[in-house]
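Asks: Structure provided below as structure tokens; questions to follow.
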Amino acid sequence: MADVKVTYDKTVNAAYVYFTDPQVRVKVAHMYPCDPVDVDGMINLDFDDQGCLIGIEVLAASSKLPEYLLESAERLDVEGA
């Protein structure tokens, strides 16, 4: 099973789940928002120009993702991150 990288910014309560190597800059060609009413928040699906899912942005992440995932995520809101 491959590791999936997750970043989290507690200041804005947003997380990003990478399905590609985060060190390789893959350009988002299409972003599809999930219906905020249906998910009680905003979740965006990012696709590359080939139609492959490259990542998921989760706003209001603390209410959408498991705590253990956010605790193990790379923090973007701390100095030196």
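The values are calculated or read from the model by the stated rules, or taken from the named source; none is laboratory data. Just so it is clear, the model here is predicted, and its values are computed rather than measured. Please note: Cβ atoms are built from the backbone with ideal geometry, for glycine as well, and neighbour counts cover all protein chains shown. Just the protein is used for accessible areas: all its heavy atoms, side chains included, with ligands, DNA and RNA removed. Shrake-Rupley method; radii C 1.70, N 1.55, O 1.52, S 1.80 Å.
Asks: Expressed as a whole percent, how much of the Cα-Cα distance distribution for the chain exceeds 14 Å?
Replies: 64
Asks: Expected output is a single nm value to one decimal: the length gained when fully extending between SER72 and ALA29, i.e. 0.36 nm times separation in residues minus the C-alpha distance. What is it?
Replies: The span from SER72 to ALA29 would gain 12.6 nm if fully extended.
Asks: Sticking with this structure for a sec: Could you bin all the Cα-Cα distances of segment 1-42 into 5 Å bins starting at 0 and give me the percent of pairs in each, rounded to whole numbers?
Replies: 5, 16, 18, 26, 23, 10, 2
Asks: State which stretch of the chain is the longest one without any exposed trypsin sites (Lys or Arg not before Pro), exposure meaning a DSSP loop state and at most 15 other Cβ atoms within 10 Å.
Replies: So the longest stretch without any such site is 28-81.
Asks: Something else: Suppose accessible area is computed on protein heavy atoms with a 1.4 Å probe; arrange CYS52, CYS34 from highest to lowest.
Replies: The most accessible residue leads, giving CYS52, CYS34.
Asks: Using only DSSP helix segments of four residues or longer, with each worth -39500 (n - 2.57), what per-residue ellipticity at 222 nm results for the chain after dividing by its residue count and rounding to 500?
Replies: -2500 deg cm²/dmol
Asks: Where nothing but the Cβ of Lys and Arg (+1) and of Asp and Glu (-1) is charged, how large is the charge dipole of the chain around its Cα centre, in debye to the nearest 20?
Replies: The calculated dipole for the chain is roughly 120 debye.
Asks: If each of LYS5 and GLN50 carries a label point 7 Å out from its Cα toward its Cβ, how far apart are those two points in nm?
Replies: Distance between the two pseudo-spin positions: 1.8 nm.
Asks: Hey, what did the chain get for relative contact order, percent, Cα under 8 Å, at least 6 apart?
Replies: Result for the chain is 35 percent.
Asks: Oh, and also: What distance in nm separates the simple spin-label points at SER63 and MET42, each placed 7 Å from Cα in the Cβ direction?
Replies: Those two pseudo-labels are separated by 1.4 nm.
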